[in-house]
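Data block below; observations after.
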Amino acid sequence: MFILKEEDLLRLWQINQFDIPKDQWVFFGLRGCLPVDDQDHSFAREHQLEVVSPDYVHPRCTIGQWAPGKGFAVFPGSTVPHRKHVESSIRRNGQGTNQLLTGCYKDYRKGVHKAGQSTGHQAFRQDHKLPVRRTADDVDYDADDRVEFGQPFDNLHAGWCMSVESDLYASAGCQVLVGFPQCRKRGNNPDTGPWKAFKGNAYAIDQRSFHYVLLTGWEAQRVATFQRAMSPRLRFGSQGKLVRTVQQKLSARGFYEGKIDSDFGLRTLQALLDFQTAEFGPSEDDGIVGPQTASALAIDWPDTLAAIPLLAPAAPAGVFRFEGNKAVAPDDTVFARKFRKGVYNYGQTTIRNFVRQHRAAFPDVSISLLNIMDAVSENEGKLEAINTWDNAFLTFGTFQWTVGTGAGSGELPALLARLKQDDADVFERYFGQYGLDVTGVRAGAPEKPGITPTGYFALNGENISRSTAKEKLRTLEWAYRFWLAGHDDVVRAAEIRQAMDRIHIFYDSPRHSINGRPVCDYVTSEYGVALLLDQHINRPGHVPKTLAAAVAQAGGGKDPASWTDGDERRVLDEYIDLRSHTSMTDSDKRAQKIANAVETGIISDKRGSFVV
C-alpha cells in the first residue's frame, strides 16, 4: 500500500518527459494497481493505492482523472484484456485482442463506443495508430510477444462489471472502468458505479480531447515511496532533447530513418524495439529507454532530472465557499463537509500507513515505539483530520489536538510549536505567512514527564486566549490550511512524534506512581503500553487510577521486578475490564483491536518487549 500525491504525478510526468497540456485535464492508467477505497471518486491531492498483479480475470488496474493543480480522482478498472478474449485470439495468432503499451496517448476524444449497436454508449474514442502487443502462445503479455502498429480502436469505456471482484469485464484491449453504461441494451437506464462518476466528470467540462498516460502501479509506487530524484525513462509519447539524442543515436546505427523531431512516436518506437532485440535479445525489447539502453547507445544518461517547480501548497487567493454541505476552496477543491457551526473531514491517512511507508523519517525512534504507534493506529484519527464544529473551536490531526475549550490552553499550539522547531519553512508556508504563531507553550513530556504540553495561538500579533478570539479559527480558510498541512510529510512526521511523546506523560512520570513506583515498573510489554496509550488518548486522567486498581485486584503485593509474562497479563486483563466501566468510548472494541495487533505480530505481549 502506498500514498500517491499530486506531486508524484508531476514527477512521473517529468521522469517520462511527458507534456502536461495547459489548463486541461489528463487521464491516466496504472496497470496492476487498485485504489484502496474503490468507492471514493473525489478529487483530492492524494489517494491510497495498492500494487496488485493483473490476472486477466478481475479488474486490477486504476484509471484516473487529473486536473493539474486541483487534485486527481481514481477509479477501479482494467488496462488489460480479459482472459476469455486472450484465449480466443491465440487460435488466430493473437488477432482480435491486444494489450496497449505504456506511454502517452494524446487524443482520447469524447464519442460513442460501438456506435449503432445496442451496447453503444458515450465514452472516449481513440482512432489513431497505436503500439499494441499481441500474444499467440500464452494468456499474458510480455516482451516475447510481438508489437504491432495499427488502429485497434482501444477506446476508454464502461467495463460492464459490478466490482473489482467481478470475474468478467468487457475488454479485448480497451481501457475500461468498473460499472455499466447507459445504452439501448440496458433499456437506457443510467450509468452506474465508478464509470458513472468518471464519465460524468469528463462530460461536464468543455474539454473534448484528453491525453491518456498509461504506466504501471509499480512505477507509481516507486516514485511515491522513494523521494530521491530519479533518472529519466523515455517511451512512446515522450518529448524533448533526450528523445532527440536517442533518435540521433538510433539513426547513426541504422535503426531509425525518420525525422529527428524530439517526438517519441511510432517510428522511434519501432527503431528502439529493433535495436533492443539486436542488442539484448528478443525477450528484452520493452520499448523503454533507461540507463542500460542508453549505455548501449553510448548516451551520457543523466542520473537525475532537475526538480520540477511544484505547485505552491499555500491556500490560493479567492473565495472559500459552501456548495450545499461541501466546503470548497478557491481552486474548487472540496476539503470538508458542513456540520453545525463548522466543518469536518475525517482524513484518510492512518499512522500505520505513514509509519510503514516512511520508517526512514524516524531514524532515532526505537522499532518498539513505532510498533506501538502502528498498533494504536486503527483506534485513532487520520493525519489530515479537521473539525471546527464543536466547543474546542479547531481540532486537527490523528490525536485530535485542539485549541482548547473556553479560555483554556490547548495541545494544538504545542504541536505547531514542535513543527516550527523541526522545520520553520514548513511552518511558515502553512501558518506563519497567514499571521498564525504560537505563544505561552508549556514544555511537557518527554523533557518534563507527567506534563502535557499545551499553549495558545497568536493571530496577527493578538493572543488567542478568550472564547471570542478563538472563534476566528472556525473559518473555512483555517480549516483548509490545517487540512492542507496534514498532507505534508513534514507535518505528518511532527504529528507522530508528538503522539509518541504522549507515552512519557504517564509512563515514567513520578507524578503518576502506583505504590511509590512509576507505571513503567508494572507494564513493560508493547501490548500493555499500547493499551495504556489508547486510554490516555481517550481519557487521559483515568490511566493511573485504573491501572492502580487493576494492580490491586490482581494481587499487587508482589514486586513487579519479579513479574512473569503471566503476571503482567493478569493485571492487563483486570485493567481492560476496569476501564470498560469508565466513561471511555468503546473501550472493549478498542482493546480488541490492540489485541489483534498482538495476534498479527505487530506488537509483543512479552514482558520487557517495550523499548523506549
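The values are calculated or read from the model by the stated rules, or taken from the named source; none is laboratory data. Just so it is clear, the structure is predicted and the values come from calculations on it, not from any experiment. We place every Cβ from the backbone using ideal geometry, glycine too, and count neighbours over all the protein chains shown.
A compact table of results
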{"quantity": "Subset tally (residues that are among the basic types (Lys, Arg) and in contact with a Gly (Cβ under 9 Å, 6 or more places away or on another chain)) for the range 1-38", "calculated": "1"}
{"quantity": "Per-region count, the range 591-608, residues crowded, with 17+ Cβ neighbours inside 10 Å and over 14 Å from Ile372 (Cβ atoms)", "calculated": "2"}
{"quantity": "Any hit, the range 448-467, residues being touching a helix residue (DSSP H, G or I) at 6+ places or on another chain (Cβ under 8 Å), under 27 Å from Arg337 (Cβ atoms) and hydroxyl-bearing (Ser, Thr, Tyr)", "calculated": "no"}
{"quantity": "Conditions (1) at pLDDT 95 or above; (2) in contact with a Leu (Cβ under 6 Å, 6 or more places away or on another chain); (3) not basic (Lys, Arg); number of the one not met by Met500", "calculated": "(1)"}
{"quantity": "Selection from the range 573-590 of residues that are surrounded by fewer than 17 Cβ atoms within 10 Å (Cβ to Cβ) and either charged (D, E, K, R) or within 31 Å of the chain's Cα centre (by Cα) (or both)", "calculated": "Asp573, Asp577, Thr585, Asp586, Asp588, Lys589"}
{"quantity": "Of the criteria (1) surrounded by fewer than 20 Cβ atoms within 10 Å (Cβ to Cβ); (2) over 22 Å from Val571 (Cα atoms); (3) in contact with a Ser or Thr (Cβ under 8 Å, 6 or more places away or on another chain); (4) not assigned by TED's automatic domain parsing to the domain that holds Ala424, which one Arg474 fails", "calculated": "(4)"}
{"quantity": "Residue check for Ile372: under 24 Å from the mean Cα position of the chain (by Cα), under 30 Å from Ala44 (Cβ atoms) and either in the same structural domain as Pro518 (by TED's automatic domain parsing) or of a type in the set (D, E, K, R) (or both)", "calculated": "yes"}
{"quantity": "Which numbered condition Lys420 fails, given (1) among the basic types (Lys, Arg); (2) closer than 29 Å to Asp374 by Cβ; (3) touching a residue at least 60 places away in the same chain (Cβ under 8 Å)", "calculated": "(3)"}
{"quantity": "Flag for Leu250 being at pLDDT 95 or above, in a helix (DSSP H, G or I) and under 21 Å from Asp142 (Cβ atoms)", "calculated": "no"}
{"quantity": "Condition check for Lys593: part of a loop (DSSP other than H, G, I, E, B) and in contact with an Asp or Glu (Cβ under 7 Å, 6 or more places away or on another chain)", "calculated": "no"}
{"quantity": "Residue list for the range 175-193, restricted to those being touching a helix residue (DSSP H, G or I) at 6+ places or on another chain (Cβ under 6 Å) and of a type in the set (Val, Ile, Thr)", "calculated": "Val178"}
{"quantity": "Pro181 being part of a loop (DSSP other than H, G, I, E, B), buried (at least 23 other Cβ atoms within 10 Å of the Cβ), touching a strand residue (DSSP E or B) at 6+ places or on another chain (Cβ under 9 Å) and touching a residue at least 40 places away in the same chain (Cβ under 8 Å)", "calculated": "yes"}
{"quantity": "Matching entry among Glu380, Glu323 (being touching a Phe, Trp or Tyr at 6+ places or on another chain (Cβ under 8 Å) and not β-branched (Val, Ile, Thr))", "calculated": "Glu380"}
{"quantity": "The range 512-560, subset part of a loop (DSSP other than H, G, I, E, B) and within 16 Å of Arg502 (Cβ to Cβ), residue farthest from the chain's Cα centre (by Cα)", "calculated": "Pro518"}
{"quantity": "Test result for His128, assigned to a loop (DSSP other than H, G, I, E, B) and over 17 Å from Lys84 (Cβ atoms)", "calculated": "yes"}
{"quantity": "Tally, over the range 226-247, of residues that are at pLDDT below 95 and at positive phi", "calculated": "1"}
{"quantity": "Residue satisfying condition, being under 32 Å from the mean Cα position of the chain (by Cα), buried (at least 20 other Cβ atoms within 10 Å of the Cβ) and in contact (Cβ under 8 Å) with a residue 12 or more places away in the chain, within set Leu269, Leu242, Leu250", "calculated": "Leu242"}
{"quantity": "Condition broken by Arg569, with the remaining ones in (1) at pLDDT 95 or above; (2) in contact with a Leu (Cβ under 8 Å, 6 or more places away or on another chain); (3) surrounded by fewer than 20 Cβ atoms within 10 Å (Cβ to Cβ) satisfied", "calculated": "(2)"}
